[in-house]
Amino acid sequence: MIKRLISSILLASPIIIFAQQADTIAQRYSRQVDTTQLKAHLNIIASDAFEGRETGRKGQKMAADYIQKEFRKLKLKPGNDTSFLQNYPLVVRKLGNIDLSVNGTPYVYRKDFYTVPQPEFHDQTFEAEEVYFIGYGIKDSSMKYNDYKKAPDLKGKVVIIYPGEPKDKGGNFLKTGTKEESSWTGNPAEKINAAKEAGAKMVLFITTADPAALKKAGRGNGEKMALATKMPEKGEMLVFHISKEMGAKILGVDPEEQIKKMESNSKSKLLKVEVKLKVEVHRDEPGYSGDNVIGILEGSSKPKEYVFVTAHYDHLGIQGGLIYNGADDDGSGTVSVLTLAKAFAKAKAEGHGPERSIVFMTVSGEEKGLLGSGWYVAHPTIPLDLIECDLNIDMIGRVDEQHTNDRNYVYIIGSDKLSSELHAISEQANATYSKLKLDYTYNDVNDPNRFYYRSDHYNFAKNNIPVIFYFNGTHADYHQATDKVEKIEFDLMEKRARLVFYTLWDLANRSGRIVVDSHKN
């Protein structure tokens, strides 16, 4: 009996020792992702010297140079032939004069209305004699949801819409149908897209903001940076946000009562209203360009299978004389990519390199509309069908208001959208090592923030490549000049970055490629 027990222990011991060794190897190299490294890089990347890293500007070029030098030190392979840089052309379009009148009454830009410049803006004049009022994006006050396709022909028309969703006299949302329908109705982007699909020429959103807030909403120099591609066909739809007074004038109601009675004024109707618009847009092409920085750590047995780790290193530059350092957004993600690259490069140098190739890519242009990652998937240096997944790190250095009493968390977005297997790998890596609370609040298809669509992973997901987006949520310093290094919680940032490490370790070394079996985009 004792002999059999000893034999059983001896037979099992290699398996136990192997498992312990495997865990020890992963844990050993995960310690390369530490506070010291993260802080050292971030003190440089998010310093005033880098001038807020605005895409196409001096600071962005300085940051790209810093990152590529770090990749070179780690002996990564250049990701764009012989270069670490993938350069892409940019154009800046700037709004000039905007003349908008309704029934002969002229309105003033940034006082009565504002617009957000879009890449498709161009010089144009437009006149209409009718405005179609669509309420909240519903057919009528019976609250039967309408996706515009059931509405009268909107082709070439001006459409005026209330923001949000209708409420009853008690201030409660009036919702019918499924949760998806209710959420869809309140989402401005969905309303705009639906109107565009229906052929509308212009959308006017009535805002409830006071004049000061309206002016602030339209702040800035009216510039829009875009990829330097062919100008679109004329006739692209324009979107303007208008004051409640201007909205009341168009609807023929009293402005003070309009907002209070929005629930009773929601019936769709065609209005005989004359709208005239003239837009001037300046197209500047002074040789602006952005850069993605790409380094590859080649795999041993599966070098033609690739796992991507991404973060955007650009931010908002200098505005009003203030430097927007972007320490959390997304200096935290950028330096995490650098420390992850060092950890895996060290593992390879010591004989524990990944089976698959890992692509460490920092992109620019995210703050301008996901431009750098958009350019990459349109001009990939690696065929997209060879990319297994993308782990995207965008803000992991702070704590949001929802977690002030429990900071041991990270938001996980997109992990189950295309691959249930990727989701399971993420969960297992956390359960085994990091033990963070994985918060899936923003992964909900009905989340009004729509963060899933707002960072660089989405350009990969659109091409059927599974993704995970790691995020700490927004905070008071989000997109403010106060997003500085001294506010970063490095111990928490280290823990989150290590979760990415463990997930990446599994993906780079597992025997089979993860399966794309979900379609929840």
Open item on the list: Condition (residue is farther than 26 Å from D48 by Cα, crowded, with 19+ Cβ neighbours inside 10 Å, assigned by TED's automatic domain parsing to the domain that holds F360 and among the β-branched types (V, I, T)) applied to the stretch 433-456: is it met by at least one residue?
Closed with: no
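Scan the stretch 72-101 for residues that are among the hydrophobic types (A, V, I, L, M, F, W, C), over 25 Å from the mean Cα position of the chain (by Cα) and assigned by TED's automatic domain parsing to the domain that holds E350 and jot them down.
Just the residues of the stretch 72-101 that are among the hydrophobic types (A, V, I, L, M, F, W, C), to begin with: 74, 76, 84-85, 90-92, 95, 98, 100.
Of the ones still in play, those that are also over 25 Å from the mean Cα position of the chain (by Cα) are 74, 76, 98, 100.
The answer is L74, L76.
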- [ ] Sort out which residues of the stretch 371-394 are closer than 20 Å to V92 by Cα and surrounded by 22 or more Cβ atoms within 10 Å (Cβ to Cβ), and write them in order of number.
- [x] L371, G372, S373, W375, Y376
- [ ] Determine whether the stretch 304-311 contains at least one residue that is within 19 Å of S83 (Cα to Cα), among the β-branched types (V, I, T) and touching a helix residue (DSSP H, G or I) at 6+ places or on another chain (Cβ under 6 Å).
- [x] yes
Task: Looking only at the stretch 403-421, and only at residues there that are closer than 17 Å to D444 by Cα and out of contact with any Lys or Arg (no Cβ under 8 Å at 6 or more places or on another chain), the one that is surrounded by the fewest Cβ atoms within 10 Å (Cβ to Cβ) - done: S420
TODO: For the stretch 289-302, indicate whether the set of residues that are without any contact (Cβ under 8 Å) to a residue 60 or more places away in the chain, assigned by TED's automatic domain parsing to the domain that holds Y66 and surrounded by fewer than 16 Cβ atoms within 10 Å (Cβ to Cβ) is non-empty.
DONE: yes
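With respect to K69, determine if the residue is modelled with pLDDT of 95 or more and either more than 30 Å from K278 (Cβ to Cβ) or in the same structural domain as W375 (by TED's automatic domain parsing) (or both).
Details: modelled with pLDDT of 95 or more: yes; either more than 30 Å from K278 (Cβ to Cβ) or in the same structural domain as W375 (by TED's automatic domain parsing) (or both): yes.
So K69 passes the test.
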Task: Qualifying residues in the stretch 243-283 (those that are in contact with a Lys or Arg (Cβ under 9 Å, 6 or more places away or on another chain) and in a strand (DSSP E or B)) - the one modelled with the lowest pLDDT - done: R283
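Can you find a residue that is part of a helix (DSSP H, G or I), charged (D, E, K, R) and assigned by TED's automatic domain parsing to the domain that holds T310 anywhere in the stretch 400-412? Reasoning before the result, please.
Here is the first cut: in the stretch 400-412, the residues part of a helix (DSSP H, G or I) are 401-403.
Restricting the remaining residues to those that are charged (D, E, K, R) gives 401.
So of that shortlist, the ones also assigned by TED's automatic domain parsing to the domain that holds T310 come out as 401.
Yes: one or more hits.
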Task: Tabulated pairs, the stretch 199-213, first assigned by TED's automatic domain parsing to the domain that holds E129 and in a helix (DSSP H, G or I), second loosely packed, with under 14 Cβ neighbours inside 10 Å and at pLDDT 60 or above, C-beta under 8 angstrom, 6+ apart or interchain - done: P211/K111
Task: Filter result (part of a helix (DSSP H, G or I), of a type outside the set (A, V, I, L, M) and surrounded by 20 or more Cβ atoms within 10 Å (Cβ to Cβ)) within the stretch 461-508 - done: E494, K495, R496, R498, F501, Y502, T503, W505
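Taking the stretch 328-386, which residues are β-branched (V, I, T) and closer than 19 Å to F71 by Cβ? It would help to see each step written out before you state the result.
Residues of the stretch 328-386 β-branched (V, I, T): 334-335, 337, 339, 358-359, 362-363, 377, 381-382.
Correct list: T334, V335, V337, T339, I358, V359, T362, V363, T381, I382.
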Open item on the list: Condition check: outside any loop (DSSP other than H, G, I, E, B), in contact (Cβ under 8 Å) with a residue 24 or more places away in the chain and either among the hydrophobic types (A, V, I, L, M, F, W, C) or more than 30 Å from K437 (Cβ to Cβ) (or both). Does M395 satisfy that?
Closed with: no
Task: Scope the stretch 75-110; condition among the hydroxyl-bearing types (S, T, Y), modelled with pLDDT under 95 and in contact with a strand residue (DSSP E or B) (Cβ under 8 Å, 6 or more places away or on another chain); matching residues - done: S101, Y107, Y109
Open item on the list: Could you tell me how many of the residues in the stretch 120-155 are within 15 Å of L270 (Cβ to Cβ), touching a Ser or Thr at 6+ places or on another chain (Cβ under 9 Å) and modelled with pLDDT under 80?
Closed with: 7
- [ ] Taking the options S364, S357, name whichever one is closer than 20 Å to S511 by Cα, small (G, A, S) and in contact with a Leu (Cβ under 8 Å, 6 or more places away or on another chain).
- [x] S357
TODO: Would you mind finding the one in K368, K346 that is basic (K, R), touching a residue at least 12 places away in the same chain (Cβ under 8 Å), over 23 Å from Y440 (Cα atoms) and surrounded by fewer than 21 Cβ atoms within 10 Å (Cβ to Cβ)?
DONE: K346
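The values are calculated or read from the model by the stated rules, or taken from the named source; none is laboratory data. Predicted, not measured: the structure shown is a model, and the values here were computed from it. Here the Cβ is made from the backbone with ideal geometry for all residues, glycine too, and neighbour counts use every protein chain on show.
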